[in-house]
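Notes for the one structure printed next.
The values are calculated or read from the model by the stated rules, or taken from the named source; none is laboratory data. None of these values were measured; they are calculated from a predicted model. All Cβ positions, glycine included, derive from the backbone under ideal geometry; neighbour counts span all protein chains shown.
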Amino acid sequence: METLEFSIEPSAPTNEAPPGPGGVIQLDGGPSRAILLAPDTIDPARAYPLITVLHGAGRQDEILVRAYREEAARRQALFLVPRSTQATWGLFVGANRDDLDFLMRVYRGIYARYRIDHARQSLIGYSDGATYALAIGLSNPRVFSAVVAWAPGFVLVDRSRFAPDEPKPRVLVEHGTHDQVFPFEEIAARNRQILTDLGYDVDFRVDENGIHWPRREFQRDALDWLLNDSGSERGRAPPA
């Protein structure tokens, strides 16, 4: 993959597209698909956080849709749950941009129909999805304000995207001490050190006795962490 760059800019809805609906919206693009979870009633004057939730290998997007469905109304936020084109994300299989390009098209469509709080556009990823979330989130710091990574396998960042004036997204990483897929001692400490060496202030959380499956409270804690910080100091106020 030549680059992880997203060629999109934060924008406000236009009069050319009808306002976005509430509820559960299916978004298709050739072999790719995603589900957008929105509050049942959309206030066109309100700017909504946009949180993209990335599944692990095996494409558990339907499980994530069920898990996050009620969060849209509870958190007054939009949740995008895409499905990888292949069994896992393009970063791992052939290094193609199919998933990246689909996400860019989806974001453009969402920006055109919903008012997004770009200070709170963020990512949550699980396992392979956590690795992918770190890769695209940290490589596109003007798009994403924060990344939550549950049990990422490694850290890969597009260094061509680094510049002195680029903001640095907030990062939360959680890993179980008894993870049988990505062993804690081998993987978690290394990932934390790489992120620290790159200059990120990492909120590193240890799930004592945790295995390669999120603890019950992880989703709640991750969303509290993402949404209880306005991000206003990051200079990403919603476009007028």
Scanning segment 10-29 for residues that are surrounded by fewer than 18 Cβ atoms within 10 Å (Cβ to Cβ) and in contact (Cβ under 8 Å) with a residue 60 or more places away in the chain gives Pro10, Ser11, Ala12, Thr14, Glu16, Ala17, Pro18, Pro19, Leu27, Gly29
Scanning segment 137-147 residue by residue, those touching a residue at least 60 places away in the same chain (Cβ under 8 Å) and touching a Phe, Trp or Tyr at 6+ places or on another chain (Cβ under 7 Å) turn out to be Asn140, Val143
Quick count over segment 97-118, residues being within 18 Å of Ala133 (Cβ to Cβ), in contact (Cβ under 8 Å) with a residue 12 or more places away in the chain and not β-branched (Val, Ile, Thr), is 9
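Condition test on Gly90, is it at pLDDT below 95, buried (at least 19 other Cβ atoms within 10 Å of the Cβ) and small (Gly, Ala, Ser)?
Numbers: at pLDDT below 95: yes; buried (at least 19 other Cβ atoms within 10 Å of the Cβ): yes; small (Gly, Ala, Ser): yes.
Spelling it out, Gly90 is indeed at pLDDT below 95, buried (at least 19 other Cβ atoms within 10 Å of the Cβ) and small (Gly, Ala, Ser).
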Of the candidates Arg190, Arg142, Arg170, Arg205, the one satisfying the condition of being surrounded by 14 or more Cβ atoms within 10 Å (Cβ to Cβ), among the charged types (D, E, K, R) and either farther than 18 Å from Leu226 by Cβ or modelled with pLDDT under 95 (or both) is Arg142
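Just need a number here: residues in segment 22-55 that are assigned to a loop (DSSP other than H, G, I, E, B) and within 14 Å of the chain's Cα centre (by Cα).
Total meeting the criteria: 1.
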Residues in segment 190-212 that are within 27 Å of Leu100 (Cβ to Cβ), assigned to a loop (DSSP other than H, G, I, E, B) and of a type outside the set (A, V, I, L, M) total 4
Every listed condition ((1) in contact with a Gly (Cβ under 9 Å, 6 or more places away or on another chain); (2) closer than 18 Å to Leu123 by Cβ; (3) in contact (Cβ under 8 Å) with a residue 60 or more places away in the chain) holds for Leu37 save (3)
Kindly indicate whether Tyr126 is buried (at least 19 other Cβ atoms within 10 Å of the Cβ) and more than 14 Å from Leu80 (Cβ to Cβ).
yes
(message) For segment 70-77, check the following and say yes or no: at least one residue is in contact (Cβ under 8 Å) with a residue 24 or more places away in the chain, part of a helix (DSSP H, G or I), closer than 16 Å to Ala130 by Cβ and over 13 Å from the mean Cα position of the chain (by Cα).
(response) no
Across (1) modelled with pLDDT of 95 or more; (2) surrounded by fewer than 14 Cβ atoms within 10 Å (Cβ to Cβ); (3) polar (S, T, N, Q), Thr177 clears everything bar (2)
